[in-house]
Amino acid sequence: MEDTNSRFINCTLIDALSLEPRGVHVSVENGEITDVSDSAIPDNSDTKTIDLRNKYLLPGLW
């Protein structure tokens, strides 16, 4: 399996740490979440950007 770096922008995050869904940007490196931010995460040339506007991200809930 090829390791990839991804950046999920404009997503609504639902997780076990927050009581309410919130809009965030998420960085994933080698299959692990490395950053969750309310502000934009810098783009790198080796990073795939996925716009999740009007979509939900539920990490670790499957």
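Laboratory data are not the source of any read-out in this text; all were calculated from the coordinates shown. Only a predicted model underlies this, so the values are computations on that prediction, with no experimental measurement involved. All Cβ positions, even for glycine, are placed from backbone atoms using ideal geometry, and neighbour counts span all protein chains on display.
Results, tabulated for the structure shown:
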read-out	value
Subset tally (residues that are without any contact (Cβ under 8 Å) to a residue 12 or more places away in the chain, assigned to a loop (DSSP other than H, G, I, E, B) and of a type in the set (S, T, N, Q)) for the range 1-44	1
Residues being acidic (Asp, Glu) and touching a Ser or Thr at 6+ places or on another chain (Cβ under 6 Å) - total across the range 24-42	1
